[in-house]
Amino acid sequence: MGAMTRLLPRHHSLTWFAASALVTTMTLSPSAQTRIEPHKNSYSPEQDVELGRQAASEVRRQLPRLNDEVTQQFVEDIGNRLVSAIPSELEQPAFRYTFEVVNLKEINAFALPGGPMFLNRGMLEAAKTDGEVAGVMAHELSHVILRHGTAQATQGQKFQIGAVAGQVLGAIVGGRTGSVIAQGSQFGLGTYFMKYSRAYESEADLMGAQIMARAGYDPRQMANMFRTIEQQGGSRGPEWLSDHPNPGNRYEAINREAQSLQVARVSPATGEIGRVHSRLASMSPAPTSEQVARAQQRGQRYPDAGNVRRGDVQPPSGSWRTYQPGNFLRVSVPSNWRQVGGGNTVTFAPDGGYFEGENGGSTFTHGIEIGVMRADRGTLQQSTEQLLQSFARNNPELRRQNGYSRANVGGRQGITTTLTNVSEVTGEREVVNVSTVQLADGSSILFVIGVAPQYEAQTYFNTFNRIRQTLQITDSGSSW
């Protein structure tokens, strides 16, 4: 809330037809570099762009993004360097290349027609070097510039662009089975633009290796990354390989192609992956595709992660996480809230809802604060009044909205009341829900303060109510 909360000091797997593989045109140039020609395609480049644009918009709406400037800049730098190395005969002026990270645990990446590319956080976490990330991105980029998506759709039957886009978007939203994961595929971008043939995979491997070399990356890093993917995929196999089948001897084929290539002398910056790993390690673990799908089945969108812009606070998640901030207390809160602060109080707030002050204080606009206050005499209501008076000294706009009512606080009978305040962060009216309960030592009360903007009050009040009811208090004392 306002001063009151200083209470105590950034696109590949289109699911393609499982059509028979078209014989690819590959010839060897005098330098032994494999020559790859685009396939027959009944779609225009502009239709690729429109289809990819619509599908990317739905991906951004449905999947949790990872908002972190360091990570985003890392993938953009690699992506832009690779784009600059596209052979001139394959350049498409209409294409618009973008590179974004989605907050998903699985090792995966996918690109859409016309240029949008998405990388799973799990892919970045699995990569050992910058070059391994570049390898995955070069492979995805190759599918785009060779227009494999619409070329594969061309093999099946002719569609109106709107019809194809509708099928793709429908699959993203619900999949064939009503599940966003659509029987295990990457949010099931349908059978049109994701599951590539082995011939297309081989082309993307070799073209990707060539682009890497032109961009200054060692193509052998691509082979290393694909081996890592296979090793880390688990017993069911990595998700990436479900849409990118191994064309056979992938590791050997890429390394053989690499021997025919000359890596550009101007090498890109390297070693940034370590910095990215440190950033990702400081965040809560990424959800799985299944967890995101379940949230969508409940009509909820899994929240983004990272540095969400102020004012862009995600609603409380439908999944919950339990913390033990002290030796006498356990509390469950929405999984997109994190514990911040310390000392005599503990705060749980979503990204974008908590701010450190210039003088060591803090402010939160969404979330709860839990603390203990000494109350040597008087009733619970009298002790709560003392607490509110201490709040009012730093919050001149604080106003009582109603009287006290009984409340279940950790299975005990407590009291609750609601106030309003003006947030010093937003300048807008906010609601403040205060609940208290007497602790077993008789000389302390535990307080739970929930804060939310007034226009979101009902949503957050339901959350506050559940939090205080499910508190587990095992106090013989009240030490944090």
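Observations on the structure shown:
- Within region 61-80, residues that are part of a loop (DSSP other than H, G, I, E, B) reach partners that are of a type in the set (A, V, I, L, M, F, W, C) and open to solvent by less than 80 Å² (accessible area, probe 1.4 Å) with beta carbons closer than 6 Å, at six or more positions or on different chains, in the pairs LEU63/VAL102.
- Meets criteria (part of a helix (DSSP H, G or I), modelled with pLDDT of 55 or more and within 15 Å of GLN152 (Cα to Cα)) for GLU230: no
- From ARG374, ARG406, residue being more than 25 Å from PRO315 (Cβ to Cβ) and modelled with pLDDT of 90 or more: ARG406
- Residues being open to solvent by 40 Å² or more (accessible area, probe 1.4 Å), of a type in the set (S, T, N, Q) and over 24 Å from GLU201 (Cβ atoms) - total across region 85-111: 1
- Of the residues making up region 37-84, those that are crowded, with 19+ Cβ neighbours inside 10 Å, farther than 30 Å from ARG294 by Cα and of a type in the set (Lys, Arg) number 1.
- Number of the condition not met by GLY114 [criteria: (1) farther than 28 Å from ASN224 by Cβ; (2) open to solvent by less than 10 Å² (accessible area, probe 1.4 Å); (3) modelled with pLDDT under 90]: (3)
- Filter result for the condition that a residue is part of a strand (DSSP E or B), surrounded by fewer than 20 Cβ atoms within 10 Å (Cβ to Cβ) and either at pLDDT below 75 or out of contact with any strand residue (DSSP E or B) (no Cβ under 6 Å at 6 or more places or on another chain) (or both), over ARG309, ARG301, ARG321: ARG321
The values are calculated or read from the model by the stated rules, or taken from the named source; none is laboratory data. From a predicted model like this one, the values you see are computed outputs, not experimental measurements. Please note: Cβ atoms are built from the backbone with ideal geometry, for glycine as well, and neighbour counts cover all protein chains shown. Note: areas computed on protein heavy atoms with side chains; ligands, DNA, RNA excluded. Shrake-Rupley method; radii C 1.70, N 1.55, O 1.52, S 1.80 Å.
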